[in-house]
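Below is one structure, written out as structure tokens, with a few remarks after it.
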Amino acid sequence: MKIIVAEDRAAASKCAADIVDHFVRGQRRALLGVATGRTTEVLYAELVRRHQQDGLSFAGVDVYLLDEYAGIDPDDPCRFRNVVQRELAQRVDLRRDAVHCPDPDAPDLAGECCRYEYLVRSAHIGLQILGIGSNGHIAFNEPGSAFDSVTRIVTLSEQTRSDNARFFGDDRPVPERAITQGISTILAAAELLLLACGERKAAAVARAVHGPLCEMVPASALQLHASATVVLDPDAASLL
């Protein structure tokens, strides 16, 4: 595992963008796994800037979402597909059919999980972008998730729902369920890139990077991967 501590949050986002930039430019057809959240907002803004100013093209890129809320309206701005469309896809030259995600409105959710698992595995993701939850989750694999888990419906922990409440405001509850790629699905990507910023992530980062392999810290599974890079700002790295 390679750990990079940048001088600040902006530098960390630029460092992560360098890795994505190099990957996209180096592939005729780039298969990119994407995450959502406050940290990735800055990363995607930097990638959009590079598209607009430095000629970074996403025309040959397909993106695959890690997860998606269940039980919210398809047009809800918090739906992860809409977030990725708003923050990245609509601002660069991604093809209309280049964004792939699980469908939480499918009548057969178990079947949909199987469909998306097969789609992601068949794609052979080249680079998977990850965030980390304050409780150590990756995607929506909450503490206790098995390292051999696959795409499935999960119930979100109270901590995750509390952490994500800021996206929904005071008038709407955070969904209780989601579809998520499993840990083994994530580990099947050729390269992993975890970006974490802020003091709230420091304890989770320390447990994931230096703690023992433990299903109660799902992100510790990154220690099993042959090509994982963790990019941090000083606050997120403060307990290393």
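Taking the Cα centre of segment 2-232 as reference, the dipole from Cβ charges on Lys and Arg (+1) and Asp and Glu (-1) amounts to some 620 debye.
In terms of other Cβ atoms within 10 Å, Cys214, Cys101, Cys197 run from fewest to most in the order Cys214, Cys101, Cys197.
Using 0.36 nm per residue and subtracting the Cα-Cα separation, the extra length available between Asn164 and Glu41 on full extension is 42.8 nm.
Only one residue of Thr40, Val217, Phe58 has its Cα farthest out toward the positive end of the dipole of the chain, where Lys and Arg carry +1 and Asp and Glu -1 on Cβ, and that residue is Phe58.
Rounded to the nearest 0.05, the FRET efficiency derived from the C-beta distance between Ser134 and Arg28 at R0 = 51 Å is 0.85. Annotation: the residues Phe80, Phe23, sorted from fewest to most other C-beta atoms within 10 Å of their own C-beta, follow the order Phe23, Phe80. Checking the a/c ratio against 1.5 first, then a/b against b/c, what shape does the Cα gyration tensor give for segment 2-232? Rounded, because the longest to shortest axis ratio a/c is under 1.5.
Here segment 25-79 and segment 95-140 have alpha carbon centers that stand 13 Å from each other.
We did not get these values from a lab; they are worked out from the coordinates using the rules stated. Worth saying up front: this structure is predicted, and the values here are computed from it rather than measured. So basically every Cβ, Gly included, is an ideal-geometry build from the backbone, and we count neighbours across all protein chains shown.
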